[in-house]
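Asker: Right, I'll just put the structure down here and ask away after.
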Amino acid sequence: MSYDLIVIGTGPGGYVCAIRAAQLGLKTAVVEKRKTHGGTCLNVGCIPSKALLHASHMFQDAQHFAEMGIGVSAPTLDLKKMLAFKQEGVEGNTKGVEFLLKKNKIDAFHGTARIAAAGQVEVTGEDGSNQMLETKNIVIATGSDVTRLPGIEIDEKVVVSSTGALELESVPKRLVVIGAGVIGLELGSVWRRLGSEVTVVEYLDRILPGMDGEVAKNFQRILSKQGFAFKLGAKVTKVEKTGNGATLTVEPAAGGNAETLEADVVLVAVGRVPYTQGLGLDKVGVQLDNRGRIQTDAHFSTNVTGIYAIGDVIAGPMLAHKAEDEGVAVAEILAGKAGHVNYDVIPSVVYTFPEVASVGKTEEELKAAGIAYNAGKFPFTANGRAKVNRTTDGFVKILADAATDKVLGVHIIGPEAGNLIHEAAIAMEFGASSEDMARTCHAHPTLAEAVKEAALAVEKRAIHM
Ligand code: FAD
C-alpha cells in the first residue's frame, strides 16, 4: 500500500492531523499500538480525569443541596459505578474517533510502527505479524509517557501514576501526591472530594509552576480551605511499601532534616516525558533535543526530509489542543497550504473547582521581559451571578501593554474559568486591547461580566467594585 501520509499515533495530535489531511485530499493512514484510538488524552488522560472530576464534583455538590432547599438524603458513594461511568465516557469518545477515521476514509492499522527509512513504516501487530507501508510523508505523533522518579517503582496499586489514580478500587484514607502540577491537583481533587486526606509534596516553593504567581498563591489558599495539605519546597527521597500502604521520606529541598509521611496510596505526578521508544529514530537519523523531544523547525519538519512531528513528542506545552492545532497545521502544510499555530495564544486550564485558566503572558514573564503593563482585576465576590450561585472564590486578571493597551495575558480562577478564558483567547488572537474587551456588551447576569469588569479595571473604571 502506498500513501501520501502515514500518521504514527492516534492521540489528539495524530487523529486530527489524519482527518485534516484526508479532508484536503491526501491518501492517509494511521498506525496505533493501543487497541483504541484517542491516545493518552481519551484513554487515560483528559477524558477519564474530567469524567471523575465531574462525578466527584456532583457528589460533593449534592451535600449542599439542603442549602438551596432541596431535600435529598445524604449522598452515598458507589465507586465501582463511578468508575464505570468514567469508562463509558471514555469508550464513547474513543469509538467516536474510530467512526471519524472511517468516515474520512483513513486506513487504520493496529500495531507498533517503526520507521524503517524515510517513506517506509513497518507495522508489527500484536500477533507478531509484520507489514511494510510506503508513504510520501510521515507524521510522528507518539505523545508522551509518565515521568518516573529514580528509585520509586510505580506498581499502579500503592504507588500509582495518573493512569492508576483513575482506577483506584477504593478511596484511600491518606493519599500523598508527589508534584503540585495540573495532573496532581486535578486527581488530588477527585480523591479529596470522595473522602481522602490529601497531602501534596512539591519540590518548588509554589504550586502550578509556570502559572501566574498571584493566581497560584490564591489557588493554593482555596485548595487548603478544601482540606488539601501542602508540603512545598520539599522532596520525596524514598517510598517504602508497607503492608498495605507506603512510608515516604521527605526532605526540605534546600537540605535539612528528613521526616516521614504515611500513605495508603502515593500518586507520582511529576510530569511527562516525550515518547519515542521503538520508532527507530536513531537509525533514520532523526534528531532529538537535550530533553528527548523530537527537534522540528517552524513547519514541524524534522531534520530528515519527509518526516514530521507534532504534539507532546515535540517542544511546547503538553496539551491536547496544542497537539490538535499542530496536527491541522502540518496537514495543511503537506497539502500545500499555510498551516500555522499561534503559540502566544494557547489557553491552559486546571479543571478543579473552582477552575483555573490562563492564556498569554504571566506577570512574572512580563517583568522578566521588561514589558511595562497595566493589570485589571475583578473578584467573583462582586459578580452578581457568582454571588447568587455562591461560587465567589477567585478573580479575573487582565494584563495589558502599558503603551498600546494590547491584551498580553488573562488569568482566571473561578467557576467556569475554562470556558471564560476563550473570550480572552479570541480577543488576543485578534490583537484586541483591554478597551475593546471592556466596550464589548456582555449579557447580564453572567460570570463573563467579571471578564468585562476586569478589562474596565485595567483603566481603573470597574463599575461594581
Ligand atoms: P498522545 O495522546 O499521547 O497519543 C500518542 C499515541 O501514539 C498513543 O495512543 C500511543 O499508543 C501511540 N504510539 C506511541 N508510539 C507508537 C508507535 N511506535 N506505533 C504506534 N502507535 C504509537 N491535556 C489537555 O489539553 N487537557 C486536559 O484536561 C488534560 N488532562 C490530562 C490528564 C491526564 C491524567 C494526563 C496524563 C494528560 C492530560 N492532558 C491534558 C495531556 C494530553 O493528554 C496530552 O497533551 C495529549 O494526549 C497529547 O496528544 P498527542 O497526540 O501528542 O499524544
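Asker: Which residue, chosen from 172, 200, 19, occupies the Cα position most advanced towards the positive end of the dipole of the chain, where the dipole is computed from +1 (Lys, Arg) and -1 (Asp, Glu) charges on Cβ about the Cα centre?
Answerer: It is 172.
Asker: Pop the C-beta distance of residue 464 and residue 87 into the FRET formula with R0 = 45 Å and round what comes out to the nearest 0.05.
Answerer: So, using R0 = 45 Å, E works out to roughly 0.55.
Asker: In nm, to one decimal, how far is the residue 315 label point from the residue 163 one, both placed 7 Å along Cα→Cβ?
Answerer: Here the modelled spin labels are 2.9 nm apart.
Asker: Moving on. In nm, to one decimal, how far is the modelled label at residue 24 from the one at residue 102, with both set 7 Å along Cα→Cβ?
Answerer: Between residue 24 and residue 102, the simple spin-label model gives 2.7 nm.
Asker: Arrange 446, 404 by Cβ neighbour counts within 10 Å, fewest through most, would you? Don't jump to the answer; show the numbers that get you there.
Answerer: Working: 446 16, 404 10.
Ascending number of Cβ neighbours within 10 Å: 404, 446.
Asker: Report Rg/Rh for the chain, rounded to two decimals, where Rg is the Cα radius of gyration and Rh the Kirkwood radius.
Answerer: Ratio of gyration radius to Kirkwood radius: 0.98.
Asker: For the chain, give me the percentage of DSSP beta bridges that are antiparallel, rounded to the nearest 5 percent.
Answerer: 60
Asker: Turning to a different aspect of this structure: Treating only the Cβ of Lys, Arg, Asp and Glu as charged (+1, +1, -1, -1), what charge dipole size does the range 335-465 show about its Cα centre? Round to the nearest 20 debye.
Answerer: For this selection, approximately 260 debye.
Asker: Report, ordered by chain and residue number, the aspartates and glutamates lying within cross-link reach of residue 238, taken as a straight Cα distance under 13 Å and ignoring same-chain residues fewer than 8 apart.
Answerer: Leaving aside aspartates and glutamates fewer than 8 places away in the same chain, those within reach of residue 238 are 153, 251, 259, 262.
Asker: What distance in nm separates the simple spin-label points at residue 131 and residue 205, each placed 7 Å from Cα in the Cβ direction?
Answerer: Each label point lies 7 Å from its Cα, and together they span 5.9 nm.
Asker: Then there is this: FRET efficiency for residue 95 and residue 429, Cβ-Cβ distance as r, R0 = 41 Å, nearest 0.05?
Answerer: Step by step, r from the Cβ atoms, then E = 0.80.
Asker: Considering the options 323, 162, 463, tell which one lies farthest towards the positive end of the dipole of the chain, charges being +1 on Lys and Arg and -1 on Asp and Glu at the Cβ, about the Cα centre.
Answerer: 463
Asker: For the range 229-310, would you read off the P(r) tail past 22 Å as a percentage of all alpha carbon pairs?
Answerer: On the way: 1731 of 3321 pairs.
Cα-Cα pairs of the range 229-310 separated by over 22 Å account for 52 percent.
Asker: For the range 365-428, state which GluC sites (Glu not before Pro) are in a DSSP loop and have at most 13 other beta carbons lying within 10 Å of their beta carbon.
Answerer: Listed in order of number, the matching sites amount to none.
Asker: Under the 0.36 nm per residue contour assumption, what length would be gained going from the current alpha-carbon distance of residue 262 and residue 372 to full extension? Write down the numbers at each step before the final one.
Answerer: Values: separation 110, 0.36 × 110 = 39.60 nm, distance 4.72 nm.
Length gained between residue 262 and residue 372: 34.9 nm.
Asker: Can you compute the FRET efficiency between residue 68 and residue 116 using 1/(1 + (r/R0)^6), with r the Cβ-Cβ distance and R0 = 60 Å? Round to the nearest 0.05. If you can, show how the numbers build up before the last one.
Answerer: Values: r = 63 Å, r/R0 = 1.05.
For R0 = 60 Å, the calculated efficiency reads 0.45.
Asker: Just how many pairs of Lys in the range 121-233 have C-alpha atoms closer than 26 Å, counting pairs that are eight or more places apart or on different chains?
Answerer: Total qualifying Lys-Lys pairs in the range 121-233 comes to 6.
Asker: Which order do 83, 208 fall in if you start with the one that has the fewest other Cβ atoms within 10 Å? If you can, show how the numbers build up before the last one.
Answerer: On the way: 83 18, 208 23.
Ordered from fewest to most neighbouring Cβ atoms within 10 Å, 83, 208 come out as 83, 208.
Throughout, read-outs are computed from the coordinates displayed, never taken from laboratory work. Bear in mind that the values here come from a model prediction, so they are computed numbers and not experimental data. As a convention, Cβ positions derive from the backbone with ideal geometry for all residues, glycine included, and neighbour counts pool all protein chains shown.
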